[in-house]
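Report on the structure given below.
We did not get these values from a lab; they are worked out from the coordinates using the rules stated. Only a predicted model underlies this, so the values are computations on that prediction, with no experimental measurement involved. Neighbour counts are summed over all protein chains in view; Cβ atoms, including those assigned to glycine, are modelled from backbone coordinates with ideal geometry.
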Amino acid sequence: MDTTIVIFGASGDLTSRKLVPALFSNFRKHRLPEHTRIIGVARTPFSDEAFRDRMREAVAGVASGPFDETMWTAFAQSLSYLSGDGGSPEFAAQLALRLAGSGHGPAAVVYYLATAPDLYTRIIRALAGASLLKESDGQGFRRVVIEKPFGRDLASALALNGDLHEVLSESQIYRIDHYLGKETVQNLLVFRFGNAIFEPLWNRNYVDHVQITVAESVGVEHRAGYYDHTGILRDMVQNHLLQLVTLVAMESPVVFEADALRNEKVKVLKAIRRISPEYSARHTVRGQYEGYRTEEGVAPDSMTETFTAIKLHVENWRWQGVPFYVRSGKRMAEKASEIAIQFRRPPTQILDVAAGRTELFTNRLSMCIQPDEGIHLRFLAKVPDQGLQTHPVDMDFHFRDSFVGTPLPEAYERLLLDALNGDASLFARSDEIETSWEIADGIREGWESDYAPPLERYPRGSWGPAAADDLLGRDGRWWIHDCTPHGTAGA
């Protein structure tokens, strides 16, 4: 089937750093449909050749190995460029002529919206006005991939969903969250539902609590102007962290199919206890790294949070009473993303008592999403020739060691291929987006109330404000750093 990928916002950073390199990688692996064309769209004037040269430079710059010039030459023939206002009816008519002029006819089209969010509705309406979104039997498909952020609160997400549903069916809409394209995130599903030994323990009877950390060592950098109006709650928690919560907490779908999988994720989101404003300071922490207000594009009196830690509860039979601690921040000590499942202590600690230990041991399962992708299982072992003295040890799995010569692909490789193949399993459905915004809006409401936790400063290169440690400390717990090269693991 002849396929065309139209990338709106093609002059931007996302296209050159992620989208075109991912498409080129799929091309090298012979995974793109035959006769695939890629049309870049943006206001910046480029000729086809200039656009190809720009993309070649970008792809060569991110290549992990020697750049394959022969493959690029073959791939570059599929690239072309169209300059104009992607949201205008005149441009849509021009695009329609380009699509119709392929010689084969536009059998299948994927529109990728890598633009500013305020252009989404304009572009969609212009495409609809030119009949570029209509599907008919035997004539291929029309799909739209929409980058995050999908709205900035529940009201705007509802409005955007309403605009989309006026001209598109839900099956045509692919709301992307690149985190779900990571191999290590997908491996969580395989780990849980492909191994019989863990699922019986994956519940409130055996799990003490769950921690999810997504930490970045960099600051806001070139995104400061955008970020100062967004903050970590909207930028990370509403999408990435809540997505990880759903994958940890969900029930197994009856079949591994998009709607069945997303149904289970929505059930988790709906089961999350809402944090009312009066409990905001007890269950949430917000912080801002030192020097943030001096970043270019940031207001000198900014109250935007660059760190948050939140205590959540999933109120269902499996997880009732088990806290989920999630945190994310910028300018942290390490770049790391991990999920830690802390199991309950054994009913008796006879070995600890016999060994004179005062700190009681618990088992722990840590899933390292990045940078050291893998899984650590922590258990107790006897120290040789030391009586009943014990010591915690790790059983480790690392992708780089077990799959030598098979590097982990970029998340966008998988997601772009899924959009082409019509598999929406790793894309968010409208009710999933709306429910996650409802949770985030509730937290934001507390932060704007008289019960708000203070915005605490924290040093660059730290693990956030002291209040984040207190959030767990009040429960007799501490943050875990099993997946960071220089972090200190909790006991």
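Test of the criteria: in region 12-117, which GluC sites (Glu not before Pro) are in a DSSP loop and have at most 12 other Cβ atoms within 10 angstrom of their Cβ?
Of the GluC sites (Glu not before Pro), the ones in loops of region 12-117 whose Cβ has at most 12 other Cβ atoms within 10 Å are 34.
For residue 337, enumerate residues with amide H under 5 Å from its amide H, sequence gap 5+ or separate chain, H modeled in the peptide plane.
215, 369, 370
Would you calculate, for the chain, the mean residue ellipticity at 222 nm contributed by helices, counting each DSSP H stretch of 4 or more residues as -39,500 (n - 2.57) and dividing by all residues, to the nearest 500?
The helix contribution divided over the chain gives -9000 deg cm²/dmol.
Give the relative contact order (percent, whole number) for the chain; include only Cα pairs under 8 Å separated by 6+ residues.
Result for the chain is 17 percent.
Using a Förster distance of 51 Å, how high is the FRET efficiency between residue 343 and residue 13, based on the Cβ-Cβ distance and rounded to 0.05?
0.75
Using only Cα atoms, tell me the angle between helix 89-100 and the longest principal axis of the chain; keep it within 0 to 90° and round to the nearest 10.
80 degrees
May I ask for the percentage of alpha-carbon pairs in region 3-147 that lie more than 26 Å from each other?
Distances greater than 26 Å cover 21 percent of the Cα pairs.
Spin-label point model (7 Å from Cα, Cβ direction): what's the residue 88 to residue 201 distance in nm?
Going from the residue 88 label point to the residue 201 one covers 6.3 nm.
Multiply the residue separation of residue 431 and residue 293 by 0.36 nm, subtract the distance between their alpha-carbon atoms, and state the gained length in nm to one decimal.
Going from the current span to full extension adds 46.1 nm.
Treating the angle as unsigned and between 0 and 90°, give the value, to the nearest 10°, between the Cα long axis of helix 154-167 and the longest Cα principal axis of the chain.
Value to nearest ten degrees: 40.
Decide, for region 221-366, between rounded, prolate and oblate: order the square roots of the alpha carbon gyration tensor eigenvalues as a ≥ b ≥ c, take rounded if a/c falls under 1.5, and otherwise choose prolate if a/b is larger than b/c, else oblate.
oblate
Across the chain, how many lysine pairs, 8 or more apart or on two chains, come within less than 23 Å at their alpha-carbon atoms?
21
So, by mean Cβ neighbours within 10 angstrom, what's the order for 398-407, 285-294 with the highest one leading?
285-294, 398-407
Can you tell me the order of 382-392, 311-321, 249-259 when each peptide is scored by its average per-residue count of other Cβ atoms within 10 angstrom, highest first?
For the peptides 382-392, 311-321, 249-259, the packing ranking is 311-321, 249-259, 382-392.
As I understand it, the value is the acute angle between the Cα axis of helix 120-129 and the longest principal axis of the Cα atoms of the chain; what does it come to in degrees, rounded to 10?
40 degrees
With θ set to phi - 60°, apply the Karplus curve 6.51 cos²θ - 1.76 cosθ + 1.60 along region 36-45 and write out the HN-Hα couplings as whole Hz, x wherever there is a Gly or Pro.
6, 10, 10, 10, x, 10, 6, 6, 4, x
Counting only residues 5 or more places away or on other chains, whose amide H sits under 5 Å from the amide H of residue 457 once H atoms are built in the peptide plane?
Distant-sequence amide H within range of residue 457: 288.
Would you kindly state how much longer the chain becomes between residue 44 and residue 159 on full extension, computed as 0.36 nm times their sequence separation minus their alpha carbon distance, in nm to one decimal?
38.5 nm
Could you tell me which of rounded, prolate or oblate describes the chain, using a ≥ b ≥ c as the square roots of the eigenvalues of the alpha-carbon gyration tensor, with rounded for a/c under 1.5 and, failing that, prolate when a/b is larger than b/c and oblate otherwise?
prolate
Pairs of Cα atoms under 8 Å, at least six residues apart: use those to get the relative contact order of region 3-147, whole percent.
In percent, rounded to a whole number, it is 31.
Explain nothing, just the number: relative contact order of region 277-319, from Cα pairs under 8 Å at least 6 residues apart, as a whole percent.
Answer for region 277-319 is 43 percent.
Rounded, prolate or oblate: pick one for region 161-240, where a ≥ b ≥ c are the square roots of the eigenvalues of its C-alpha gyration tensor, a/c under 1.5 means rounded, and failing that, prolate if a/b is larger than b/c, else oblate.
Note, shape of region 161-240 comes out oblate.
For a quick check: with amide H placed at 1.01 Å from N, whose amide H comes under 5 Å from residue 390's, ignoring anything fewer than 5 positions away on the same chain?
383
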